[in-house]
Amino acid sequence: MFNNQRYLTKGVQTDIPFELQIFMWGCIDRLPEERDYFQVFKLEVVNGIQRIHHFSEQPEYSMKHILPTVTSPITAKVYVIDDGDHSTMLLAEEY
């Protein structure tokens, strides 16, 4: 899974800084081979610092990251879905 063409929606291109897009794709690339087709990233800003909670359901996975060097931290929920042919990163409200 996630070893195919990768796409971004207009919302991700517009609202999510490029450095965070690359970080999230990297998180998926580092997952164990057994991966859920539906990955979730909850982005939050705490005291000006970017925090990311990456999780999935089957198999259950949860990892929290703190990225103090992000220049423009944001709050958003991002989904990454692999449908077999391609992988798409989209904002939760675009789902």
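Computed over protein heavy atoms with a 1.4 Å probe, the accessible surface of the chain works out to 61 Å² per residue.
Each label was represented as a point 7 Å from its Cα along the Cα-to-Cβ direction; for residue 60 and residue 5 these points are 3.7 nm apart. Karplus-derived 3J(HN,Hα) values for the range 44-61, using 6.51 cos²θ - 1.76 cosθ + 1.60 with θ = phi - 60°, are 9, 10, 10, 6, x, 10, 6, 10, 10, 10, 9, 8, 8, 9, 10, x, 5, 8 Hz; glycine and proline are entered as x. Using a simple spin-label model with pseudo-atoms 7 Å out from Cα toward Cβ, residue 74 and residue 30 lie 2.2 nm apart. Of the peptides 63-71, 4-12, the ranking by mean beta-carbon count within 10 Å, highest at the top, reads 4-12, 63-71. Modelled spin labels at residue 47 and residue 92, positioned 7 Å past Cα toward Cβ, are 2.4 nm from each other. Counting protein heavy atoms only, the chain has 51 percent of its accessible area on carbon and sulfur, 1.4 angstrom probe. For residue 70, the amide hydrogen comes within under 5 Å of the amide hydrogens of 50, counting only partners 5 or more places away or on other chains and with H modelled in the peptide plane. 3J(HN,Hα) couplings calculated from phi for the range 79-94 with the Karplus curve 6.51 cos²θ - 1.76 cosθ + 1.60 (θ = phi - 60°) are, in sequence order, 10, 10, 10, 9, 9, x, 8, 7, 10, 10, 9, 9, 6, 4, 6, 8 Hz; Gly and Pro show x. Farthest towards the positive end of the charge dipole of the chain, among the residues 18, 56, 80, is the Cα of 18, using unit charges on the Cβ of Lys, Arg, Asp and Glu. Rounded to the nearest 20, the size of the Cβ-charge dipole of the chain about its Cα centre is 400 debye, with Lys and Arg at +1 and Asp and Glu at -1. 3J(HN,Hα) couplings calculated from phi for the range 71-78 with the Karplus curve 6.51 cos²θ - 1.76 cosθ + 1.60 (θ = phi - 60°) are, in sequence order, 6, 10, x, 9, 10, 6, 10, 10 Hz; Gly and Pro show x.
The values are calculated or read from the model by the stated rules, or taken from the named source; none is laboratory data. All figures in this text were calculated on a predicted structure; none of them were measured in a lab. Methodologically, a virtual Cβ is constructed for each residue, glycine included, from the backbone with ideal geometry; neighbour enumeration extends over all protein chains shown. Note: areas computed on protein heavy atoms with side chains; ligands, DNA, RNA excluded. Shrake-Rupley method; radii C 1.70, N 1.55, O 1.52, S 1.80 Å.
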